[in-house]
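J.: Just passing along the structure, written as structure tokens.
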Amino acid sequence: MKPISTKQELRIRAAEALREVLGEVSGTKVREISHPSADAGSAGAFTASVDVYGHQHMLACEIAADDQPANLRALLAGMRSSIASTHTSATPVIIASHISDEARTVCTENHAGFLDLEGNARIALGEVFILKRTLPNAVRRNVVPEAAGPSKRNSAA
């Protein structure tokens, strides 16, 4: 994964990753992704309007600086407060470069979705539940394609 140099680049990649995950689900259409101005609040926040089988859902997305459980709990509390102040029924979604198992648990316990830039996701959209899990990078590097055929030392037998 290419390193991310700026907060703006991270927000663009996060929005693209969200659009990609939602695009993999039939019956789901991303209508709009809105990025508020930097002085309107958090530089890592954006919203996504999504249609799922004709029903509109709003996702309130926030980019987490890290996946530490205490930091995520505080971030989620702030998101819930912001959502409540706007009188919307948006679903909070945490987006990070990587989300640990502990961070996934925090999101699940707080009824929040998550998405990371490694391809993992968990988002509930009314009629649709998205759960996507990828192999960790270290495991992916060690996976040998089975279609490669027998190794040279096995062919001498």
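J.: Go through segment 6-23 and report how many residues are open to solvent by 50 Å² or more (accessible area, probe 1.4 Å) and in a helix (DSSP H, G or I).
T.: Qualifying residue count, segment 6-23: 8.
J.: Moving on. Can you pull out every residue in segment 74-108 that is among the polar types (S, T, N, Q), buried (at least 18 other Cβ atoms within 10 Å of the Cβ) and under 16 Å from Ala124 (Cβ atoms)? Explain how you work it out, then say what you get.
T.: Here is the first cut: in segment 74-108, the residues among the polar types (S, T, N, Q) are 81-82, 85-86, 88-89, 91, 97, 100, 105, 108.
Still in the running and buried (at least 18 other Cβ atoms within 10 Å of the Cβ): 91, 97.
Answer for segment 74-108, where residues must be among the polar types (S, T, N, Q), buried (at least 18 other Cβ atoms within 10 Å of the Cβ) and under 16 Å from Ala124 (Cβ atoms): just Thr91.
J.: Give segment 118-129 a look and list any residue that's open to solvent by less than 30 Å² (accessible area, probe 1.4 Å) and either without any contact (Cβ under 8 Å) to a residue 24 or more places away in the chain or within 13 Å of the chain's Cα centre (by Cα) (or both), or say none.
T.: Residues satisfying the conditions are Gly119, Asn120, Ala121, Ile123.
J.: Follow-up. Take the conditions more than 23 Å from Ala84 (Cβ to Cβ), basic (Lys, Arg) and at pLDDT below 90 and apply them to Lys29. Does it pass?
T.: no
J.: Another question, then. State the number of residues belonging to segment 66-77 that are free of Cβ contacts under 8 Å to residues at least 24 places away in the same chain and not polar (S, T, N, Q).
T.: Within segment 66-77, residues that are free of Cβ contacts under 8 Å to residues at least 24 places away in the same chain and not polar (S, T, N, Q) number 4.
J.: Oh, and also: For segment 130-145, enumerate the residues that are at pLDDT 85 or above and open to solvent by less than 70 Å² (accessible area, probe 1.4 Å).
T.: Start the filter on segment 130-145 by keeping residues that are at pLDDT 85 or above, which leaves 130-134.
Once the filter is applied, which keeps residues that are at pLDDT 85 or above and open to solvent by less than 70 Å² (accessible area, probe 1.4 Å), segment 130-145 yields Ile130, Lys132, Thr134.
J.: Here are the criteria: (1) at pLDDT 95 or above; (2) within 21 Å of Val128 (Cβ to Cβ); (3) in contact with an Asp or Glu (Cβ under 9 Å, 6 or more places away or on another chain). Tell me which single one Gly113 does not satisfy.
T.: With respect to (1) at pLDDT 95 or above; (2) within 21 Å of Val128 (Cβ to Cβ); (3) in contact with an Asp or Glu (Cβ under 9 Å, 6 or more places away or on another chain), Gly113 is out only on (3).
The values are calculated or read from the model by the stated rules, or taken from the named source; none is laboratory data. In this text, all values refer to a predicted model and were calculated from it rather than measured experimentally. Counting neighbours? That spans all protein chains shown, and the Cβs are built from the backbone with ideal geometry, glycine included. Areas reflect the complete protein model, heavy atoms only, side chains present, ligands, DNA and RNA absent. Shrake-Rupley method; radii C 1.70, N 1.55, O 1.52, S 1.80 Å.
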